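*Asks:* Take this structure, written in structure tokens, and hold onto it; I'll ask about it next.
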């Protein structure tokens, strides 16, 4: 297909496609004449992946370039590939470590060890969890962290569902795009479900309180 058709099929403007080619995010098309290039299904797949990582995942072009390098490294196991993607999708947390952060990191390490999770406490996800726990402590709500184990149990079930949704994906590009979409939009979906469940739980608690109070 020509670049115009590639643009129409993916929804990516022609100038943007040319920019991605210049930046090395998309392979150049095969020249069919001095001023014409043809593109194939692989270009379409890669372009959809770049668009998904950029628009849904919110990754920078530099981060996308790293992800694409992992995709193209066929010697890298799929587990390592997906790990490289998820690490890029978790916001970085840095800066000076205050007392709350130190204690939170210790708690995260204990949680991971107790559950036997094959994850690094100092990785992006571990640091994000530690930052959340530290923020709760600074705000005077350290007791809320008491639900951490309950959250962890729910996370295990959700992670299992996430992996099950990838079972039909065969290409590395499809896997990466699915992980990016599932993580970003899945987080939003889970947050919305949590709000709905909270509303229901609150209504039921109030109803139960009213019934018991009138007896």
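*Asks:* Name the residues in region 15-41 that are under 24 Å from residue 72 (Cβ atoms) and touching a residue at least 24 places away in the same chain (Cβ under 8 Å), would you?
*Replies:* Answer for region 15-41, where residues must be under 24 Å from residue 72 (Cβ atoms) and touching a residue at least 24 places away in the same chain (Cβ under 8 Å): 17, 20, 23, 24, 25, 26, 29, 37, 38, 39, 40.
*Asks:* If the Cβ limit is 9 Å and pairs must be 6+ apart or interchain, which residue in region 58-81 that is on the phi > 0 side of the Ramachandran plot and in contact (Cβ under 8 Å) with a residue 40 or more places away in the chain pairs with which residue that is surrounded by 17 or more Cβ atoms within 10 Å (Cβ to Cβ) and part of a helix (DSSP H, G or I)?
*Replies:* Short answer, once both residue conditions are applied: 58/89; 58/184.
*Asks:* While we're on this one: Inspect region 5-14 for any residue being without any contact (Cβ under 8 Å) to a residue 40 or more places away in the chain and either touching a strand residue (DSSP E or B) at 6+ places or on another chain (Cβ under 7 Å) or closer than 19 Å to residue 84 by Cβ (or both) and give the result as yes or no.
*Replies:* No.
*Asks:* Do we have any residue at all in region 133-155 that's surrounded by 10 or more Cβ atoms within 10 Å (Cβ to Cβ) and under 17 Å from residue 83 (Cα atoms)?
*Replies:* Checked region 133-155: at least one residue is surrounded by 10 or more Cβ atoms within 10 Å (Cβ to Cβ) and under 17 Å from residue 83 (Cα atoms).
Since every read-out is calculated from the coordinates, none of them should be taken as a lab result. In this text, all values refer to a predicted model and were calculated from it rather than measured experimentally. Note that each Cβ is placed from the backbone with ideal geometry, even for glycine, and that neighbours are counted across all protein chains shown.
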